[in-house]
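Please treat every number below as a calculation from the coordinates, not as lab data. Since we're looking at a predicted model, the values are computed, not measured. Cβ: placed from backbone, ideal geometry, glycine included. Neighbour counts: every protein chain shown.
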Amino acid sequence: MSSSKPGNDPGGDVERTLQLARRYLRFGARSTAQLRAHLEAHSLPASSIEDVLAACARRGWLDDAACAKLWVTMLAERGYAWAAIRDQLLTKGLNAGLIDRALQPLHSLADDERRARQLIQHRLRGRAIRTAQVRAQMARLLARRGFDRDLIEQLVQ
């Protein structure tokens, strides 16, 4: 009779870790750091975690560069400033170099201004900013999306 306690069955640990990884990766793009933290939270052996991270990368399930590009595109389309996008990706555990390469197409204030204007137009459905209340709402929205204070003041005046 074999025991299924962690540590007694290294192959079982790897299989269990792989199942947890597969389940976690099913619900969206994840960085290697996010998957590692998720698996560590389950108190799995470090060797099993490293084996599974390597297996996931070999199978194409983990690709930090692809994740960075995907998240940059998604957040830019949602109207976030490039600095806010960079901060969010850093919190996901992505390497700063990968983030900067993914952000290169957005890395200009002109692009930030264009995205901020699009966000305002979308929210106001083409109407002009006429009241102090609407100015304040738009300023708060742009600030939450990480836009520069000077740009916000310029756009909502």
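Numbers below:
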read-out	value
Span-like helix ranges in the chain, DSSP H, alpha carbon extent 15 angstrom or more, Kyte mean at least -1.0	10-25, 46-58, 64-77, 132-144
The chain: most fluctuating residue of Ala46, Ala81, Ala21 per GNM, C-alpha cutoff 10 Å	Ala46
Relative contact order of the chain, pairs being alpha-carbon contacts under 8 Å that are 6 or more residues apart, as %	20 percent
Net charge over other residues, Cβ less than 12 angstrom from the Cβ of Ala76 (K, R count +1; D, E count -1)	+3
Compactness of segment 27-151 as Cα Rg over 2.2 N^0.38 Å, two decimals	1.34
